[in-house]
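Taking it in order: structure first as structure tokens, then the write-up.
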Amino acid sequence: MTGAIQFDKLQVCVVVENLDEAMKRYSDLLGIGPFVIYTVDSQELPGITREGLPTNYKVRVGMAKMGCGILELLENLRGQTIWKDFYDRHGEGVHHIGLLVEDFAGALSAFKDRGFKVTVDGPIAGKNRTGRFTYMNTEKQMGTTLEILDFPEDLLKAFS
């Protein structure tokens with residue numbers, strides 16, 4: 001397809017009530033792990049926005065290699081976030097598909113050119129450079145939320 005957005009790796013995010021319990025379930029059932037666990041607090045990582053405005057949230061994340069992709073389990077700890085909104089409506093479940101792209105600026109431009117709006121956006125702190133994550137409002141057209149990701153190389157190593 002001409003003009004298709006190119007991506008290198010796929011990430012699937014499941015919003016969960018309790019990260020530790022969810023990691024155990026996925027590990028026991030599917031053998032997924034080990035998980036890289038981290039917390040994102042928008043008060044400690046400036047530059048995260050929702051609908052273009054600064055936001056206040058804290059989430060705990062566990063990520064692990066899953067086949068040729070990445071499984072992300074996400075527990076909302078603080079704030080009314082897109083993940084909490086989803087959880088309040090549906091309970092635990094697949095929230096979004098992340099696309100790890102080589103040309104982040106090009107992918108973002110392609111989404112915007114197609115009329116998709118940015119919902120949440122922010123930096124991904126790496127050792128040698130800062131990457132970026134951007135969620136697009138794609139639910140109506142795609143059936144789910146799509147996220148584009150520019151992972152710093154040092155963080156991506158765990159999932160190669």
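The values are calculated or read from the model by the stated rules, or taken from the named source; none is laboratory data. Here the structure is a predicted model, which means the values were calculated and not measured. Note that we place each Cβ from the backbone using ideal geometry, even for glycine, and neighbour counts take in every protein chain shown. What goes into the accessible areas is simple: the full protein's heavy atoms, side chains included, and nothing from ligands, DNA or RNA. Shrake-Rupley method; radii C 1.70, N 1.55, O 1.52, S 1.80 Å.
Quick notes on this one:
- Summed over region 107-160, the residues that are in a helix (DSSP H, G or I), open to solvent by 30 Å² or more (accessible area, probe 1.4 Å) and small (G, A, S) give a count of 2.
- Some residue of region 59-68 being part of a loop (DSSP other than H, G, I, E, B), more than 28 Å from N18 (Cβ to Cβ) and without any contact (Cβ under 8 Å) to a residue 60 or more places away in the chain: no
- Sole exception among (1) surrounded by 15 or more Cβ atoms within 10 Å (Cβ to Cβ); (2) at negative phi; (3) in contact with a strand residue (DSSP E or B) (Cβ under 7 Å, 6 or more places away or on another chain); (4) not acidic (D, E) for K65, by number: (3)
- The residue that is modelled with the highest pLDDT, counting only those in region 9-34 that are more than 21 Å from D85 (Cβ to Cβ) and under 15 Å from the mean Cα position of the chain (by Cα), is L10.
- The set of residues from region 28-45 being touching a residue at least 12 places away in the same chain (Cβ under 8 Å) and not in a strand (DSSP E or B) comprises L30, I32, G33, P34, F35, S42, Q43, L45.
- Within region 8-19, being touching a Phe, Trp or Tyr at 6+ places or on another chain (Cβ under 9 Å), closer than 17 Å to I97 by Cβ and either open to solvent by 30 Å² or more (accessible area, probe 1.4 Å) or assigned to a helix (DSSP H, G or I) (or both) holds for one residue alone: K9.
- The residues of region 34-47 that are under 19 Å from I97 (Cα atoms) and open to solvent by less than 50 Å² (accessible area, probe 1.4 Å), listed by number, are F35, V40.
- Test: A22 is of a type in the set (G, A, S) and in a helix (DSSP H, G or I): yes
- Residues located in region 70-100, provided they are outside any loop (DSSP other than H, G, I, E, B), over 13 Å from the mean Cα position of the chain (by Cα) and of a type in the set (G, A, S): G93
- In the set I70, I5, only one residue is surrounded by 15 or more Cβ atoms within 10 Å (Cβ to Cβ) and modelled with pLDDT of 95 or more; that residue is I70.
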